[in-house]
Amino acid sequence: MTAIAPTSPAAKRVLAALAHPACGPVPAEAAALVVAHPDDESIGCGAQLPRLTGLTVVHVTDGAPRGRVRPGFPDAAAYAAARARELDAALTLAGIAPERRVALGYPDGEVAGAIAALARRLAALFTARGITLALTHAYEGGHPDHDAVALAVAGARRILGPERLAVIEMTFRHAGLDGPEPGGFLPTEPPRRSIALHLDPEDCAFKAALFAAHASQAEALNRYPIALERFREAPDHAFDILPNGGRLLYGAEGLDGARFRELATAAARDIG
């Protein structure tokens, strides 16, 4: 039998609380959700947002790629403004108070070039707010911004020290044998204990309402399952190794694996 990697006490407490929805609210004043784009919060843990009381929610990008015209919008600024309005509606629906919302404003698709700087910003934010646990993206090759945020959170943990910050990751999507596969984790060695939450009809309806708030993203959101959310403690990521054996879904962002690895490796040296 393969041994399961030990879980940090902070991650173990939160995973145990999330695994039992009937237990009600989960105290999360010392937790932060850190995601790349507006709508990632709804995909990764939308049904849990009302339960995580006091949660800080950090969006790294404004969700508007530069240099790409979005149908129905004159420019990236108009698209970013629309996405900000949609995010505000979703977070209000989820009960996330305005003072618990942090928008860092990086351009969509460009986080890989700022991993070390973002890691330091996050470390400072976590220190200022007393954050001891972060929920974020799995490092799985689904989107370069997702992977860059995952590494930046890992970098913040290196800066603060592993005893100061636990990290729980959420599923999005990765490349499978037959195309993109949403909703599952790639294996780790050693394995990490994970939980799978099969949402009841009420939670599914709530998450569908969050998805609907992000109206401009309807086509993309339809690729993700509503009725399942998964969580596990994040492994220690090697910045110089691409996820999923280098099988990536980066095509639309114009960033190849070699360039991402170059940027991530440089970030690791910068962080120390």
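The values are calculated or read from the model by the stated rules, or taken from the named source; none is laboratory data. Keep in mind the model is a prediction, meaning the values are calculated, not measured. So basically every Cβ, Gly included, is an ideal-geometry build from the backbone, and we count neighbours across all protein chains shown. Heads up: the accessible areas ignore ligands, DNA and RNA and are worked out on the full protein's heavy atoms, side chains in. Shrake-Rupley method; radii C 1.70, N 1.55, O 1.52, S 1.80 Å.
One residue alone among Val153, Val167, Val111 is under 19 Å from Gly251 (Cβ atoms), aliphatic (A, V, I, L, M) and touching a strand residue (DSSP E or B) at 6+ places or on another chain (Cβ under 9 Å), and that residue is Val111.
Just one of the listed residues (Arg223, Arg230) is farther than 18 Å from Gly113 by Cβ, modelled with pLDDT under 95 and within 20 Å of the chain's Cα centre (by Cα), and it is Arg223.
Of the candidates Asp240, Asp200, the single residue that is over 28 Å from Leu118 (Cα atoms) and open to solvent by 30 Å² or more (accessible area, probe 1.4 Å) is Asp200. Scan segment 18-35 for residues that are open to solvent by less than 30 Å² (accessible area, probe 1.4 Å) and more than 19 Å from Pro225 (Cα to Cα) and the total you get is 7. Scanning segment 228-237 for residues that are open to solvent by less than 50 Å² (accessible area, probe 1.4 Å) and part of a loop (DSSP other than H, G, I, E, B) returns Ala234, Pro235, His237. Does segment 193-207 contain at least one residue that is of a type in the set (A, V, I, L, M, F, W, C) and in contact with a Ser or Thr (Cβ under 7 Å, 6 or more places away or on another chain)? Among the residues of segment 193-207, not one is of a type in the set (A, V, I, L, M, F, W, C) and in contact with a Ser or Thr (Cβ under 7 Å, 6 or more places away or on another chain), which makes the answer no. Looking at the structure I just gave you, is Ala258 small (Gly, Ala, Ser), open to solvent by less than 70 Å² (accessible area, probe 1.4 Å) and within 17 Å of the chain's Cα centre (by Cα)? Against the criterion (small (Gly, Ala, Ser), open to solvent by less than 70 Å² (accessible area, probe 1.4 Å) and within 17 Å of the chain's Cα centre (by Cα)), Ala258 does not qualify. For segment 51-64, the count of residues that are hydroxyl-bearing (Ser, Thr, Tyr), modelled with pLDDT of 95 or more and open to solvent by 20 Å² or more (accessible area, probe 1.4 Å) is nonzero. Taking segment 128-152 as the range and being in a helix (DSSP H, G or I) and touching a helix residue (DSSP H, G or I) at 6+ places or on another chain (Cβ under 7 Å) as the test, the residues that pass are Pro144, Asp145, Asp147, Ala148, Val149, Leu151, Ala152.
Which residue is nearest to Ala154 (Cα to Cα), if the candidates are limited to segment 37-50 and must be in contact with a Pro (Cβ under 9 Å, 6 or more places away or on another chain) and open to solvent by less than 30 Å² (accessible area, probe 1.4 Å)?
Taking the candidates together, the pick is Ile43.
Scanning segment 120-159 for residues that are among the hydrophobic types (A, V, I, L, M, F, W, C) and over 14 Å from the mean Cα position of the chain (by Cα), which turns out surrounded by the fewest Cβ atoms within 10 Å (Cβ to Cβ)? Per the criteria, the residue is Ala128.
Regarding Arg173, is this residue open to solvent by 40 Å² or more (accessible area, probe 1.4 Å), in contact (Cβ under 8 Å) with a residue 60 or more places away in the chain, closer than 30 Å to Ala81 by Cβ and among the charged types (D, E, K, R)? Taking the combined requirement at face value, the residue satisfies it. For segment 84-115, the tally of residues that are more than 17 Å from the chain's Cα centre (by Cα) and open to solvent by less than 10 Å² (accessible area, probe 1.4 Å) stands at 0.
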